[in-house]
Amino acid sequence: MSAERKRSRLIIALVALWVIFTVTLAGWWLVFGLRQLDLIKQSNIEAGNQLQRHYQMLMWEGGILIASLIGGGLALFYYARREQRRHAQVEEFFAAFTHDAKTALASLRLQAESLREDFAQSEANPLLERLLSDTLRLQLQLENSLFLVNLPRGKFFPQPIRLRDRFEALRMNWPDVNISLTGDAEVMADARALESVMTNLVQNSVIHGHANQVNIDVRHHNGCVRVTVVDNGQGFKGDLSQLGKLFVRHARSSGSGVGLYIVRQLMRGMDGTIMFRNGSKTGFVAELELPDVTAASSVLNAEAQEHAGDVRTHEATVTGRR
């Protein structure tokens, strides 16, 4: 069950507990008051008529209070459930809309790339290149929107991935950017999430850093694979600790922060880490650490062996009892 669903159910449960508690408290107060009036009435018969009026007043006031609490609690429960359903419907609609828009945009990008190949021998067409870059940017924004909607309930599917094979596709998206790769490794990661992480990092370097060169260094480090992405752009002049926070604008020309927020969340979902810093002289640096496929396989084998040992121990215990 996702964290978002757990949170929604917790809210509904708290509303129900509040209604039960307040109604029970009001009922106890009413019963206690009536019992006190009965005791007073038995000890003071002369004031019976006056106590009878207090008795009726307490009954009416207590009944109205309990009815108000029940009505307010039911209304609160109804609106909480309605808001929960509406939120789920908005998420489903947005996910379906984003998926359809991505499909149409992918078709448009494919046709634009075909046109570029057809006119490869002629002079470069700036309008066609602008069309390709804009479709790539819009496609990435739609991908981020889809990830943003699905993050609370999304699932990751780790698998062994050779980094060089994935990073080679980045050059096709940015032919005007010099993307170099040093080293190679195999990591345990989600293929789609890893592609989105690297695409967002390069897009951030090109759009916000105005970089034309991105260097990617891959090496093993403390049982993990460290991927360092360095560009030759303008770097970042704001508070680095605020990077990766959703909808935090660092300047008028900066973006919404969705891209780097998605990067952080996806890295966390793949049991990885990421850190941002400025370069020693210029540029921007992102350091990623991902689980090494060898280390991840060793952990999985150890867990499987431990589970098998527990099963054998349990079977031996059951056999001994027999």
Heavy atoms of Asp239 accessible to a 1.4 Å probe, total area in Å² rounded to 10: 80 Å²
Exceeding the 26 Å Cα-Cα cut-off - candidates Lys6/Lys102; Lys155/Lys237; Lys6/Lys245: Lys6/Lys102; Lys155/Lys237
Candidate residues Met188, Met270: accessible-area rank, largest first, probe 1.4 Å: Met188, Met270
The range 59-158: relative contact order in percent, alpha carbon pairs under 8 Å with at least 6 residues between: 37 percent
Span from the the range 77-144 Cα centroid across to the the range 160-175 one, whole angstrom: 20 Å
Relative contact order, percent, the range 94-249 [alpha-carbon distance under 8 Å, six or more residues apart]: 18 percent
Whether the range 201-247 is rounded, prolate or oblate, judged on the alpha carbon gyration tensor where a/c under 1.5 counts as rounded: oblate
Peptides ranked, highest mean first, by Cβ atoms within 10 Å: ranges 194-204, 157-167: 194-204, 157-167
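The values are calculated or read from the model by the stated rules, or taken from the named source; none is laboratory data. Here the structure is a predicted model, which means the values were calculated and not measured. All Cβ positions, glycine included, derive from the backbone under ideal geometry; neighbour counts span all protein chains shown. Just so you know, the surface numbers come from the protein's heavy atoms only, side chains and all, with ligands and any DNA or RNA stripped out. Shrake-Rupley method; radii C 1.70, N 1.55, O 1.52, S 1.80 Å.
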